[in-house]
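These notes concern the structure reproduced below.
The values are calculated or read from the model by the stated rules, or taken from the named source; none is laboratory data. In this text, all values refer to a predicted model and were calculated from it rather than measured experimentally. Cβ coordinates were reconstructed from backbone atoms using ideal geometry, including for glycine residues, and neighbour counts include every protein chain displayed. Ligands, DNA and RNA are excluded from the accessible area calculation, which covers all protein heavy atoms including side chains. Shrake-Rupley method; radii C 1.70, N 1.55, O 1.52, S 1.80 Å.
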Amino acid sequence: SKSEGRNCFHFFTQQMQLDAELTAKLHNDLKFALETNAFELYYQPIVCLEENKIVRAEVLLRWKHEGAFISPEVFIPVAESSGLIVELGHWVRKEAMASLLEFKRKGIEIGLSINVSMYEFWSHALQDCLVTSINDIAVDLTTDSFPFDGITLEITESLLMKQHQHLIDALQKLRDMGIEIAVDDFGTGYSSLSYLSHFPVDHIKIDKCFIQESGSSVKQQALVKAITTLSHALDLHVIAEGVETEEELQFVRSADIEAVQGYYFYKPMPKQNLLTLLE
Ligand code: C2E
Ligand code: CA
Ligand code: CA
Ligand code: CA
């Protein structure tokens, strides 16, 4: 049911505990899936409330494994622990950037928000390679200047908990290219908002557990409002994740949050569906 397992504090324990055997099998299957191009990207629109318009879409990885979709919450951790995440992340960026170019050439104005694993961030010979990987893809895809300003990279709050000069430099480098940075799952980690002022970021995405508990808890509502007010004071845009109901949307509006991602508006969808929606 909706209230079950949605508590913010269960966030980390909620993730599946895979046994070693299954992990090994998934690892092999992931490797094979990368070789055979078996992944697909879905796109979930992000709606700007003031303009009532789709401004971006989050790119979400999909993998049909043995006939059924397997959740990224299951296979991403396996890819992370085995190092495959670097190759997988590169594949996601390449695919997403090709889509961005395709949209632009069709005259469709939309940005894409791409998840970057924190493991990937650290494993790249300190982040320069992320910049290189994005530049290489852009060169491969186009001879004109690539629309980097259409890209947002989503990093999780936990990445920011180690306040590392290299990380700050890397984020700044990406922003200098025109790429925007979003802090994902905000509120699930243990960092404070004042902390955010040290990082070159543009958006914060308030985790869906806060939105989904806002209906039943006045305290959660106060927390979301405080996060939003402080974010605005720091010049950050705020996105609410996981808005499913009319009540949640109303709350989000009342909190002055500017953008929404959630089933209330759209579920993640294949590229063709997004195109149909926007054309
Ligand atoms: P996330 O980055 O927080 O992505 C948002 C998740 O919330 C997605 O789950 C999306 O389908 C789901 N969602 C969106 N709106 C609603 C709603 O209204 N209600 C509910 N209950 N859920 C909603 P998904 O696609 O299963 O992805 C799960 C996680 O897997 C992502 O969480 C992200 O951490 C990871 N992930 C997905 N794709 C990628 C990727 O390409 N790279 C990396 N590194 N991680 C990815
Ligand atoms: Ca995300
Ligand atoms: Ca999120
Ligand atoms: Ca998440």
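Quick notes on this one:
- Failed item, numbered, when Ile239 is tested on (1) more than 14 Å from ligand 1 (Cβ to nearest atom); (2) outside any loop (DSSP other than H, G, I, E, B): (1)
- Residue check for Glu157: among the acidic types (Asp, Glu), within 16 Å of ligand 2 (Cβ to nearest atom) and more than 21 Å from Glu73 (Cβ to Cβ): no
This table checks each residue for (1) buried (at least 17 other Cβ atoms within 10 Å of the Cβ); (2) in a helix (DSSP H, G or I).
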| position | (1), (2) |
| --- | --- |
| Asp184 | yes, no |
| Tyr195 | no, yes |
| His198 | no, no |
| Phe210 | yes, yes |
| Gln220 | yes, yes |
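- Annotation note: Cβ proximity below 6 Å between a residue of the range 205-219 that is within 13 Å of ligand 4 (Cβ to nearest atom) and a residue that is of a type in the set (S, T, N, Q) and assigned to a loop (DSSP other than H, G, I, E, B) (sequence gap 6+ or interchain) occurs for Asp207/Thr188.
- Condition check for Val260: open to solvent by less than 40 Å² (accessible area, probe 1.4 Å), in a strand (DSSP E or B) and touching a helix residue (DSSP H, G or I) at 6+ places or on another chain (Cβ under 8 Å): yes
- Flag if Val224 is free of Cβ contacts under 8 Å to residues at least 40 places away in the same chain, touching a strand residue (DSSP E or B) at 6+ places or on another chain (Cβ under 9 Å) and either of a type in the set (Val, Ile, Thr) or open to solvent by 60 Å² or more (accessible area, probe 1.4 Å) (or both): yes
- Single unsatisfied condition, Lys64 versus (1) in contact (Cβ under 8 Å) with a residue 24 or more places away in the chain; (2) within 11 Å of ligand 1 (Cβ to nearest atom): (2)
- Positions within the range 144-161 being touching a His at 6+ places or on another chain (Cβ under 9 Å) and farther than 19 Å from Leu112 by Cα, in sequence order: Leu160
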